[in-house]
Amino acid sequence: MTHAQNPFVWYELMSSDVGAAKAFYGKVVGWKFEDVPVTGMTYTLLRAGERQIGGMMPIPERLRDAGLKPCWAAHVGVSDVDAAVAKVRQLGGAVHREPTDIPNVGRFTAVSDRQGANFLMFKPSQPGERTFSRAPGDIGWHELHTTDWANAFEFYNAMFGWRKGDAMDMGAMGTYQLFAIGDAAVGGMLNSPAAQHGCFWLFYFNVEDIDAAAGRIGDNGGKIMHGPQQVPGGGWIVQAADPQGAAFALLGSRPERG
């Protein structure tokens with residue numbers, strides 16, 4: 001197996017109500033949480049089983065004042081954050097936060113691609129490797145909703161070495177382009193009507209039973225935007241928003257009903 005080149009390593013929810021978000025995702029996805037005090041705030045670690053996969057935090061005041069709404073974001077692992085920032089600029093992306101150290105955690109930066117989809121880059125203080133997982137509660141798919149997927153893929157390929165996978169014809173919706181990190185197909189890119197209001201990454205959280213999980217979304221104040229729908233490979237998806245408005249999706253199976 002080849003080494004995964006610049007994988008997604010951390011997922012983060014910025015929310016207007018972290019307490020409510022913890023209650024929602026704990027019931028819908030099954031995550032466990034641990035609050036950690038940091039300078040000026042409390043950061044919530046989230047776990048899928050024993051795997052620590054991300055965190056939650058209040059929207060920082062300066063971003064809230066600038067109009068940022070609740071949203072999920074992902075960190076891509078890099079070996080040199082400062083060099084990666086220079087490369088983002090060279091490739092026509094934008095830098096929203098210059099490289100910043102988190103004591104005893106690592107160094108990060110916030111950027112966007114050429115179409116404006118936001119992501120972060122991160123180098124941890126302690127070496128380690130994150131592997132792509134289909135386990136319940138982990139992140140099973142990464143989907144870029146953009147206005148020019150071909151241009152976006154060119155950016156990420158040059159930036160991280162991500163490779164093209166299969167291209168799926170979606171008829172009037174155009175092409176759905178899969179991409180791989182290392183040996184694993186981990187996501188897709190598409191020209192999306194939803195991106196007309198701003199390009200974004202959508203993350204799919206693994207669940208065991210898509211219908212049961214979809215029911216938990218509505219029962220706990222979330223809103224289903226699309227699905228359940230079967231996708232190639234036999235899985236089922238739901239696209240949704242949490243009670244604070246952050247977009248997310250679920251990926252699971254539809255077990256036989258007795």
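The values are calculated or read from the model by the stated rules, or taken from the named source; none is laboratory data. Since this is a predicted model, take the numbers as computed values, not measurements. Note: ideal-geometry Cβ built from the backbone for every residue, glycine included; neighbour counts use all protein chains shown. With ligands, DNA and RNA removed, areas are computed over all heavy atoms of the protein, side chains included. Shrake-Rupley method; radii C 1.70, N 1.55, O 1.52, S 1.80 Å.
Among the residues making up the range 231-258, a single one is out of contact with any Pro (no Cβ under 6 Å at 6 or more places or on another chain) and among the aromatic types (Phe, Trp, Tyr): Phe248.
Scanning the range 55-83 for residues that are touching a residue at least 60 places away in the same chain (Cβ under 8 Å), small (Gly, Ala, Ser) and within 18 Å of Ser15 (Cβ to Cβ) returns Ala73, Ala74. Of the residues making up the range 97-126, those that are open to solvent by 40 Å² or more (accessible area, probe 1.4 Å), under 20 Å from Gly55 (Cα atoms) and touching a strand residue (DSSP E or B) at 6+ places or on another chain (Cβ under 6 Å) are Arg97, Asp101, Arg107, Asn118, Lys123, Pro124, Ser125.
Selection within the range 207-226: residues that are within 18 Å of Ala48 (Cα to Cα) and part of a strand (DSSP E or B). The member of this set that is most open to solvent (accessible area, probe 1.4 Å) is Glu208. Return the residues of the range 241-254 that are touching a residue at least 24 places away in the same chain (Cβ under 8 Å), part of a strand (DSSP E or B) and among the hydrophobic types (A, V, I, L, M, F, W, C); say none if nothing qualifies. Listed by number, the residues that qualify are Ala247, Phe248, Ala249, Leu250, Leu251. Restricting attention to the range 229-255, the residues that are over 18 Å from Lys27 (Cα atoms), open to solvent by less than 50 Å² (accessible area, probe 1.4 Å) and in contact with a helix residue (DSSP H, G or I) (Cβ under 7 Å, 6 or more places away or on another chain) total 1. Applying the condition of being assigned to a strand (DSSP E or B) and hydroxyl-bearing (Ser, Thr, Tyr) to the range 17-52 and asking which residue is surrounded by the most Cβ atoms within 10 Å (Cβ to Cβ) yields Thr44. Within the range 140-185, if we keep just the residues that are among the β-branched types (Val, Ile, Thr) and over 19 Å from Gly233 (Cβ atoms), the residue that is least open to solvent (accessible area, probe 1.4 Å) turns out to be Thr146. Taking into account only those residues within the range 56-96 that are at pLDDT below 95 and small (Gly, Ala, Ser), which is surrounded by the fewest Cβ atoms within 10 Å (Cβ to Cβ)? Only one residue tops the list, namely Gly67.
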